[in-house]
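The values are calculated or read from the model by the stated rules, or taken from the named source; none is laboratory data. Please read all numbers here as calculations on a predicted model, not as lab measurements. Positions of Cβ are backbone-derived with ideal geometry, glycine not excepted, and every protein chain shown enters the neighbour counts.
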Amino acid sequence: MNKFQKMIPHKWHQPSRRKFPDLVRGFLDVIPLGLHPYQLQVTGELIFRGANFAADRILEIDHRALIGKSIEVVFPNLAHSEIPAAYRQITSNGG
């Protein structure tokens, strides 16, 4: 064991038993940035997949009732804007 390893608590250099997606989700839940993930369907419809805690606090709503609905239903003001098309482009081809 080298000098650096002795300074680190033992638990930090053991392999994590948590899966990477769980760690990412845990991180995304606590950052102070509101997030709204979407899933692109084969039909081209963008489906709202949820929100982190910051999004709930910032918008002062509980997003759970919106899960599974299209972006146009969740945010009707966006329906006639370029945003849904831009999100579709990014989710299908990357940014």
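Taking segment 52-66 as the range and being under 16 Å from D29 (Cα atoms) and surrounded by 11 or more Cβ atoms within 10 Å (Cβ to Cβ) as the test, the residues that pass are N52, F53, A54, A55, D56, R57, I58, L59, I61, H63. Of note, I61 satisfies the criterion of being among the β-branched types (V, I, T) and at pLDDT below 95. Considered as a group, the residues in segment 67-90 that are modelled with pLDDT under 95 and under 23 Å from F27 (Cβ atoms) include one that is surrounded by the most Cβ atoms within 10 Å (Cβ to Cβ), and that residue is Y87.
If the condition is being over 17 Å from L78 (Cβ atoms) and within 15 Å of the chain's Cα centre (by Cα), then segment 24-49 contributes V24, R25, G26, F27, L28, D29, V30, I31, P32, L33.
Okay, residues lined up against (1) hydrophobic (A, V, I, L, M, F, W, C); (2) in a helix (DSSP H, G or I):
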residue	(1), (2)
L33	yes, no
G44	no, no
R57	no, yes
V73	yes, yes
H80	no, no
P84	no, yes
R88	no, yes
T91	no, yes
